[in-house]
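Notes for the one structure printed next.
FYI, it's all coordinate maths here, none of it is from the lab. Here the structure is a predicted model, which is why all the values come from computation and not from measurement. No Cβ is skipped: glycine too gets one built from the backbone with ideal geometry, and neighbour counts run over all protein chains shown.
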Amino acid sequence: MFAQTPCPSAEATDRDAARVVACFPEQGWSLLCNGVIVFEDTGELLPDGRSIAPHRGPARHALAA
């Protein structure tokens, strides 16, 4: 049997590190063990209904100087 790491809470700063319990790539979202729904654009929906705007960094080509 494998030991599972604890699931970070939905309020934790590392909430995105939670394991995926359901994945729907055709719809662009996944459900994490802490109840957070993460979207492919990096937006999030927290269990209490709050939303987190997409927060991905700049495109690699924009960083090249």
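When you filter the chymotrypsin sites (Phe, Trp or Tyr not before Pro) in the stretch 1-56 for DSSP loop state and at most 14 other Cβ atoms inside 10 Å of their Cβ, you are left with F2. Among the trypsin sites (Lys or Arg not before Pro) within the stretch 1-52, which fall in a DSSP loop and have no more than 13 other Cβ atoms within 10 Å of their own Cβ? Those satisfying the criteria are R19, R50.
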